[in-house]
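One structure, as structure tokens, below. Some questions next.
The values are calculated or read from the model by the stated rules, or taken from the named source; none is laboratory data. Note that the coordinates shown come from a computational prediction; the quantities given were computed from them, not determined experimentally. With ideal geometry, Cβ positions are generated from the backbone for all residues, glycine too; neighbour counts draw on all protein chains shown. The area values use the complete protein model at the heavy-atom level, side chains included, leaving out ligands, DNA and RNA. Shrake-Rupley method; radii C 1.70, N 1.55, O 1.52, S 1.80 Å.
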Amino acid sequence: MSLEYNLWFYLLKINRRIKREIMNLNITPKEIFNKNLDELVYMGIDIITAEYIVKNKDLKPVEEIIKQMNKKNFKFVFMTDEVYPYLLKSIEDAPIGLFYIGNIMLPKQLLAIVGSRRATNYGKTVAYKISLELSKYNIGIVSGMARGIDTEAHNGAIDSNGFTIAVLGSGFNNIYPKENIKLMNKIIDNGCVFTEYLPDVKPFSFNFPERNRIISGLSNAVLVVEAGISSGSMITVNYALEQGRDVFAVPGDIYKEQSKGCNKLIKEGAKLVDTTDDILEEFGIRNNAKKYNIELDEYEKNIINYINEGNLTFEQIKLKCKYETSFLLSKLTILECKGIIKRVYGGNYVIIKS
């Protein structure tokens, strides 16, 4: 059974670089397991590593993990498997294997959306809306399922019935943050959740910078919505640049700490993004926005036109439309029921269907 031996090789406490060098010898983990010390050295494996392999041929830990996999309904993909994400495989420090739940058949085009856990209402709205609009073009959204920007990026894709991928910094027995367990269940309905960590691994702080190389490695490009100068998002950007990925950034308030990283990236050459068209252009997609044949009265059309000018709160819409409060509330409710607008963070209304 290849899964058993693949997991055994994965569990070996050997540097990932050395493991990749061993895999480049075109030998399977099962064949490695069955070779003696002399055979391993003859293949070109250094003596220290070979001795370690020979002394660690216990499959009991593997059996325990397989029991957990069956109980929790998660799977394992090894880097030589056909379904291993092809973009990720190309990076220098690709994980030897990944545990996952959901659909591993990923879209061809993937965008990572990252940003601050302490996101502003502006940042959350931007992340949500960009994700929602890009998902309509079959662009998968990759993020880390953290609070703030990550959560809204996932939500936008989910609300658009799009594909979204979460990469965790812990094992499946320690989902972090706990309040996002419901979000994870929504993601796996039409997407995928990955982690390179064993099921019982806790969300240690040092896991997340390491995890970030997978977020960028899975993606064609990385969009930073809000980020401080020394944030985890900037670590993801560094990985993206090393991996040859494009980097985009959303400009922000010059007085906000959460905007300093993005504004710095733009100064240094990252593509400024203020509409989804900026990203679609880089992905070689024309914006042929779908038009939905939904009957609207004159008042509803006016409200939509105002919201299209920029995301607005109820009070701002009322000021522009000059409608009575109860009448405006009823119209906004009707438009939400029709799936045309949605009220998001900060009380802003956004267009979610053209």
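Which one of these is in contact with a strand residue (DSSP E or B) (Cβ under 9 Å, 6 or more places away or on another chain) and not polar (S, T, N, Q): Lys57, Lys67, Lys108, Lys35? If you could, list the steps in order and put the result at the bottom.
Values: Lys57 fails: in contact with a strand residue (DSSP E or B) (Cβ under 9 Å, 6 or more places away or on another chain); Lys67 fails: in contact with a strand residue (DSSP E or B) (Cβ under 9 Å, 6 or more places away or on another chain); Lys35 fails: in contact with a strand residue (DSSP E or B) (Cβ under 9 Å, 6 or more places away or on another chain).
It is Lys108.
Further question on the same structure: Cβ-Cβ below 6 Å, separation at least six or inter-chain, first residue in region 96-111 and closer than 13 Å to Tyr84 by Cα and in contact (Cβ under 8 Å) with a residue 60 or more places away in the chain, second among the hydroxyl-bearing types (Ser, Thr, Tyr) and part of a loop (DSSP other than H, G, I, E, B): which pairs?
No pair meets every condition.
Could you look through region 133-156, keep only residues that are part of a helix (DSSP H, G or I) and farther than 17 Å from Met184 by Cα, and pick out the one that is farthest from the chain's Cα centre (by Cα)? Show your work before the answer.
Step one: of region 133-156, the residues part of a helix (DSSP H, G or I) are 133-135, 149-156.
Still in the running and farther than 17 Å from Met184 by Cα: 133-135.
Working: Glu133: 16, Leu134: 14, Ser135: 13 Å.
Only one residue fits best here, namely Glu133.
Among the residues that make up region 264-276, is at least one of them hydrophobic (A, V, I, L, M, F, W, C) and either out of contact with any helix residue (DSSP H, G or I) (no Cβ under 7 Å at 6 or more places or on another chain) or on the phi > 0 side of the Ramachandran plot (or both)? Before you say what the answer is, go through the steps one by one.
So the first thing to find is which residues in region 264-276 are hydrophobic (A, V, I, L, M, F, W, C), and the list is 265-266, 270, 272-273.
If we keep only those that are either out of contact with any helix residue (DSSP H, G or I) (no Cβ under 7 Å at 6 or more places or on another chain) or on the phi > 0 side of the Ramachandran plot (or both) too, we end up with 266, 270.
Looking through region 264-276, at least one residue is hydrophobic (A, V, I, L, M, F, W, C) and either out of contact with any helix residue (DSSP H, G or I) (no Cβ under 7 Å at 6 or more places or on another chain) or on the phi > 0 side of the Ramachandran plot (or both).
List the number of the failed condition for Arg343; all other conditions in (1) open to solvent by 50 Å² or more (accessible area, probe 1.4 Å); (2) within 18 Å of Gly115 (Cα to Cα) hold.
In the conditions (1) open to solvent by 50 Å² or more (accessible area, probe 1.4 Å); (2) within 18 Å of Gly115 (Cα to Cα), Arg343 misses (2) alone.
Being over 25 Å from Ala221 (Cα atoms), open to solvent by 50 Å² or more (accessible area, probe 1.4 Å) and assigned to a loop (DSSP other than H, G, I, E, B) is true for just one of Ile254, Ile334, Ile294. Which residue is that? Reasoning before the result, please.
Values: Ile254 fails: over 25 Å from Ala221 (Cα atoms); Ile334 fails: assigned to a loop (DSSP other than H, G, I, E, B).
Just a single option satisfies the conditions, and that option is Ile294.
What residue, among those in region 196-221 that are among the hydroxyl-bearing types (Ser, Thr, Tyr) and more than 23 Å from Asn161 (Cα to Cα), is least open to solvent (accessible area, probe 1.4 Å)?
Step one: of region 196-221, the residues among the hydroxyl-bearing types (Ser, Thr, Tyr) are 197, 205, 216, 219.
Going one step further and asking which of them are more than 23 Å from Asn161 (Cα to Cα), we end up with 197, 205.
Working: Tyr197: 25, Ser205: 94 Å².
Here the answer is Tyr197.
Kindly indicate which of Ile32, Ile22, Ile53, Ile47 is touching a helix residue (DSSP H, G or I) at 6+ places or on another chain (Cβ under 9 Å) and at pLDDT below 95. Walk me through it before giving the result.
Working: Ile32 fails: at pLDDT below 95; Ile53 fails: at pLDDT below 95; Ile47 fails: at pLDDT below 95.
Every option except Ile22 fails the conditions.
Cβ-Cβ below 8 Å, separation at least six or inter-chain, first residue in region 316-332 and closer than 17 Å to Asn348 by Cβ, second acidic (Asp, Glu) and not in a helix (DSSP H, G or I): which pairs?
So the pair list comes out empty.
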